[in-house]
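Below is one structure, written out as structure tokens; comments come after it.
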Amino acid sequence: MRGLAALAVVFEHSLDALLPELRQAVSPSFDFGRYGVFVFFLVSGYVVPASLERRGSVREFWIGRLFRIYPLWAVAAAIGLAFALAEVYWGLNQRLAERPWTSALAHLLMLQDLLQTPNVLNVFWTLSYEMAFYLLVTAMYVAGVHRASAHTALGFGAGAVAVVALAPLFPLALPAGVGTVYAVAALLVAGLAAVLTRDPLLRRGGAAVLAAVPLVLLVLNSRIGAAESLAIVATMFAGTAVYRIERGTLGPWAWWAVGLVPVLSVAAGVLAGRPVGWCAAITAAWLTFGAGRALRGRRLPRLLPWLGLISYSVYLLHQVVLQVIRRMIGDPAALSGWERLGWGVVVLAAVLGVGAASYRLVERPMQDLGRRAARASRRRTGEAGRSPAPGPARPVRAR
């Protein structure tokens, strides 16, 4: 599903270069980009909390996340910045140029989309919501309430609807400027440091900070608006709830909560004035996730898991590949149908080739290094295996 989601985003971003007519005809009815990223969000919700609980260690979880996400992110950010400075199709955003150190810090926190900082690469925006989810998951785990996934998903879904209704009454927003970015950085550093201690009081305090910061940013400071921000988080926690239902730590009643999340998300989108294409994309993402779950026991072509392996590289780097090819293509109106098809093949081959190369040269070595770092941390701290409130045992089924 990750591979298919990445290709959907590539298709969305290639329309202007190859098929502008199709964008005009289809985009109002279906947003391929939102479809792809919501599939990503569902999959992240399904697998990320399981990774934390399997490790049984907040320290090891964050070591794994850092080595999983940041190395390729740094490569993509450097390329995107170089392209912007060289004005390869777009120039450097004025706000980035005026506040380089603040913008860099917002990006390092991976919360730039929640800190009113323009993204160096447009695709970086989704990482801010992934990071907010990681912080919330960590806080819930430390507090021992991490298995309340269904209730949490339902709460965020209801919140997405509520903020639309209440927005006219409470038009609140965080003050814009460098102070907000540095305050968020200080709070998150302090919160993470606290949850990594062995003192129960400090850990609870750190968990409260790690929960409060993303919640405030999602509601008051999101570029895409509070309704969609909360719908995204609801979607990720719903993916977690599906994982727990399958493993018997949540009862069948939780399916009702999971089923209400897409309904509430679409309702929030309608109330917030989102176009039909947005609502259709969210619905299709849920249907895709359901189809993937139904097919999880089937043998699939090897191409699909391979696309899943390189999906993060494809997602982060496809935009820079497209910008280079777009300069080569020129005006798509001057191309025949066969020429556009040929360029489409070139785009797909180039994106997959770059994705495969970056996975092999950057992602995989850094993930291996992260696993070694996590093992070293485990030996030093003896923290592995500590997990609050273990759930009921369930027999392991052979697959």
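If you take the residues in segment 51-67 that are in contact with a Ser or Thr (Cβ under 8 Å, 6 or more places away or on another chain) and among the hydrophobic types (A, V, I, L, M, F, W, C), which one is farthest from Ala238 (Cα to Cα)?
Ile63
Considering each residue of segment 5-27, count those that are outside any helix (DSSP H, G or I) and touching a Gly at 6+ places or on another chain (Cβ under 8 Å), and give that number.
Restricting attention to segment 5-27, the residues satisfying the condition of being outside any helix (DSSP H, G or I) are 19, 27.
Right, trim to touching a Gly at 6+ places or on another chain (Cβ under 8 Å) and you get 27.
Qualifying residue count for the region: 1.
Give the residues of segment 213-229 that are closer than 24 Å to Ala186 by Cα and in a helix (DSSP H, G or I), sorted by residue number.
Val213, Pro214, Leu215, Val216, Leu217, Leu218, Val219, Leu220, Ala226, Ser229, listed by residue number.
Considering only segment 51-81, how many residues are under 18 Å from Val195 (Cβ atoms), in contact (Cβ under 8 Å) with a residue 60 or more places away in the chain and part of a helix (DSSP H, G or I)?
Total satisfying the criteria: 12.
For segment 219-253, enumerate the residues that are farther than 18 Å from Val47 by Cα and hydrophobic (A, V, I, L, M, F, W, C).
From segment 219-253, those farther than 18 Å from Val47 by Cα are 219-231, 251-253; that's our starting set.
Answer for segment 219-253, where residues must be farther than 18 Å from Val47 by Cα and hydrophobic (A, V, I, L, M, F, W, C): Val219, Leu220, Ile224, Ala226, Ala227, Leu230, Ala231, Trp253.
Residue by residue, here is whether (1) in contact with a helix residue (DSSP H, G or I) (Cβ under 7 Å, 6 or more places away or on another chain); (2) more than 30 Å from Leu81 (Cα to Cα); (3) in contact (Cβ under 8 Å) with a residue 24 or more places away in the chain; (4) surrounded by fewer than 23 Cβ atoms within 10 Å (Cβ to Cβ) holds:
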site	(1), (2), (3), (4)
Pro118	yes, no, yes, yes
Ala139	yes, yes, yes, no
Ala153	yes, yes, yes, no
Val178	yes, no, yes, yes
Ala186	no, no, no, yes
Gly206	yes, yes, yes, no
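Within segment 287-339, can you find the residues that are assigned to a loop (DSSP other than H, G, I, E, B) and not hydrophobic (A, V, I, L, M, F, W, C)? First the steps, then the outcome.
Restricting attention to segment 287-339, the residues satisfying the condition of being assigned to a loop (DSSP other than H, G, I, E, B) are 295-302, 310, 330-331, 335-336.
Selection gives Arg296, Gly297, Arg298, Arg299, Pro301, Arg302, Gly330, Asp331, Ser336.
Report whether or not Leu300 is over 28 Å from Val184 (Cβ atoms) and not acidic (Asp, Glu).
On the way: over 28 Å from Val184 (Cβ atoms): yes; not acidic (Asp, Glu): yes.
Spelling it out, Leu300 is indeed over 28 Å from Val184 (Cβ atoms) and not acidic (Asp, Glu).
Sort out which residues of segment 134-169 are more than 12 Å from Ala226 (Cα to Cα) and either in contact with an Asp or Glu (Cβ under 8 Å, 6 or more places away or on another chain) or part of a loop (DSSP other than H, G, I, E, B) (or both), and write them in order of number.
Tyr141, Gly144, Val145, His146, Arg147, Ala148, Pro168, Leu169
When only residues in segment 259-276 that are modelled with pLDDT under 95 and β-branched (Val, Ile, Thr) count, which is surrounded by the fewest Cβ atoms within 10 Å (Cβ to Cβ)?
Step by step, filter segment 259-276, then rank; the result is Val276.
Return a yes/no flag: does segment 344-363 have any residue that is in contact (Cβ under 8 Å) with a residue 40 or more places away in the chain, in contact with a Lys or Arg (Cβ under 7 Å, 6 or more places away or on another chain) and surrounded by 15 or more Cβ atoms within 10 Å (Cβ to Cβ).
Looking for residues that are in contact (Cβ under 8 Å) with a residue 40 or more places away in the chain, in contact with a Lys or Arg (Cβ under 7 Å, 6 or more places away or on another chain) and surrounded by 15 or more Cβ atoms within 10 Å (Cβ to Cβ), one finds none in segment 344-363, hence no.
Which residue, of Phe30, Phe41, is touching a residue at least 60 places away in the same chain (Cβ under 8 Å) and part of a helix (DSSP H, G or I)? Steps first, answer last, please.
Numbers: Phe30 fails: part of a helix (DSSP H, G or I).
Just one listed residue meets the conditions, Phe41.
Failed condition for Gly342, given (1) closer than 16 Å to Val10 by Cβ; (2) over 26 Å from the mean Cα position of the chain (by Cα), with all others met?
Of (1) closer than 16 Å to Val10 by Cβ; (2) over 26 Å from the mean Cα position of the chain (by Cα), only one is false for Gly342: (1).
The values are calculated or read from the model by the stated rules, or taken from the named source; none is laboratory data. As the structure is a prediction and not an experimental result, all values here were calculated from the model. Cβ: placed from backbone, ideal geometry, glycine included. Neighbour counts: every protein chain shown.
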